[in-house]
Amino acid sequence: MTTTHRIRVGGRNAYDIFIEPGLLSRLDTSVWPVRSRQFLLVSDDQVAPHYAERVKAQLKAAVADVDVHVFRAGESNKNLATFEQITASLAKMGARRDACIVALGGGVVGDLAGFAAACWMRGMDFVQIPTSLLAMVDSSVGGKTGIDTPAGKNLLGAFHFPRVVLIDPELLQTLPARECAAGFAEVIKYGALGNAAFFNWLEKEADALKALNPDAIARAIAACCQMKADIVERDPFERGDRALLNFGHTFGHAIESAQGFDGLNHGEAVAVGMCCAARLSEVCAGAPAADTERLIHLLKRFGLPTEVPAGLKPEDLLARMRLDKKADLNGLRFIVWEGIGRTRVAQGITDAQVLAALQAP
Ligand SMILES: NC(=O)c1ccc[n+]([C@@H]2O[C@H](COP(=O)([O-])OP(=O)(O)OC[C@H]3O[C@@H](n4cnc5c(N)ncnc54)[C@H](O)[C@@H]3O)[C@@H](O)[C@H]2O)c1
């Protein structure tokens, strides 16, 4: 029997996340808490050929008015031009303020479609159907939407919460293996930052997860969404605890940027970043070296990199960290752990400590 995991993200803009293998084949739009029966389905050209027809047919059977907008996949299209094209599709279909966008895709689709929904007539409903593992465990939950500008990633954006998030782990069957591994970096991050029992479980179930066993993967996604939901509920606008979700990200962003966003992908960079953060934590937070080793071992089992790519200079990476939007007037902030599952924000870390953490022993 299929298990449905239902997670409530509370707060002022409460919504549900449903996780169920096969969910995409039985969408029951009558229970979606949206105001309209007028939909724009937004997807990219890698995802749409697999799933858009299936979603569109079910939406059409339930409502009168369904348009589809497909754009070229890839981070380089998460920009103002694609945003404008989506709004042009909304205008063409005569979208009223009570219309609804359905975002069917990875984090790029979710961020773009969510931002269009945030802006169209100052806010319309949107539904997230994430199709990449990263989107299932991270970007579709929490209400951050946005686009990149020539000046940097995610610089234009808004908090806009979906009305419902629908996750079908079976969609991962078509996700390219490298993208899947990148998603597992984020899954491991949840165990690392706040749940040692989940980290242990990941170690035990790594083979089943890699094989995309539907029940194991649904359980992992549910655990991640629950953790993100708890954190987002406590701190919707990232003024406190939500920063812990950035474990490994200060290092990771610097690596992505040093490679011109054309080397390691985001998840791979976060994997390396977490290893750097763990090494930093040994010096700054008294974390056990054995926990660093466990992290490295688990990441490797999922085929993820654990060392800073050759050719990147630690001094250059440090300079880039200073430009990170998470740096503030008090200088660089790092998320460190005292051991698996116990993270906190640390300040006052010296340049020498950061440089040492960037170099594997
Ligand atoms: N809003 C947030 O809170 C948040 C959090 C983390 C990341 N993000 C953003 O998410 C983006 C990264 O997301 P991503 O890794 O999903 O990237 P992505 O959306 O580019 O997807 C990766 C690739 O996989 C393809 N794909 C996705 N699902 C597929 C499927 N089921 N079958 C076949 N192909 C599939 C996509 O077409 C794309 O080519 C970045 O732009 C990042 O800034 C946002």
Filter result (more than 9 Å from the ligand (Cβ to nearest atom), buried (at least 19 other Cβ atoms within 10 Å of the Cβ) and not in a helix (DSSP H, G or I)) within segment 71-103 = 71, 95, 99, 100, 101, 102, 103
query = Checking residue 49 against (1) in a helix (DSSP H, G or I); (2) at pLDDT 90 or above; (3) closer than 14 Å to residue 127 by Cβ, which test does it fail?
reply = (3)
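What tally of residues in segment 119-129 results from selecting those that are within 16 Å of the ligand (Cβ to nearest atom) and open to solvent by less than 20 Å² (accessible area, probe 1.4 Å)?
Here is the first cut: in segment 119-129, the ones within 16 Å of the ligand (Cβ to nearest atom) are 119, 126-129.
Restricting the remaining residues to those that are open to solvent by less than 20 Å² (accessible area, probe 1.4 Å) gives 126-129.
So the answer is 4.
Look at residue 260 and say whether it is open to solvent by less than 70 Å² (accessible area, probe 1.4 Å) and in a loop (DSSP other than H, G, I, E, B).
On the way: open to solvent by less than 70 Å² (accessible area, probe 1.4 Å): yes; in a loop (DSSP other than H, G, I, E, B): yes.
For residue 260, the condition - open to solvent by less than 70 Å² (accessible area, probe 1.4 Å) and in a loop (DSSP other than H, G, I, E, B) - is met.
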task = Kindly indicate which of 111, 98, 45 is without any contact (Cβ under 8 Å) to a residue 40 or more places away in the chain and either within 29 Å of residue 182 (Cβ to Cβ) or of a type outside the set (Val, Ile, Thr) (or both).
result = 45
ask   = With (1) open to solvent by 20 Å² or more (accessible area, probe 1.4 Å); (2) at pLDDT below 95; (3) not aromatic (Phe, Trp, Tyr) as the list, and residue 321 as the residue in question, which single condition is left unmet?
value = (1)
request  = Would you mention how many residues in segment 1-27 are farther than 27 Å from residue 231 by Cβ, open to solvent by 20 Å² or more (accessible area, probe 1.4 Å) and modelled with pLDDT of 85 or more?
outcome  = 3
key: Those residues of segment 145-157 which are modelled with pLDDT of 95 or more and open to solvent by 30 Å² or more (accessible area, probe 1.4 Å), in sequence order   = 156, 157
request  = Using the structure shown, decide if residue 35 is among the basic types (Lys, Arg) and more than 17 Å from residue 99 (Cα to Cα).
outcome  = no
note = Conditions (1) closer than 24 Å to residue 226 by Cα; (2) more than 10 Å from the ligand (Cβ to nearest atom); (3) not in a strand (DSSP E or B) -> residue 111 fails only (2)
ask   = How many residues are small (Gly, Ala, Ser) and at pLDDT below 95 when one looks only at segment 195-240?
value = 2
request  = May I ask you to verify whether residue 169 is more than 14 Å from the chain's Cα centre (by Cα) and modelled with pLDDT under 95?
outcome  = no
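The values are calculated or read from the model by the stated rules, or taken from the named source; none is laboratory data. Source: prediction; values computed, not measured. Here the Cβ is made from the backbone with ideal geometry for all residues, glycine too, and neighbour counts use every protein chain on show. For the accessible areas, the whole protein counts, side chains as well, though only heavy atoms, and no ligand, DNA or RNA atoms are used. Shrake-Rupley method; radii C 1.70, N 1.55, O 1.52, S 1.80 Å.
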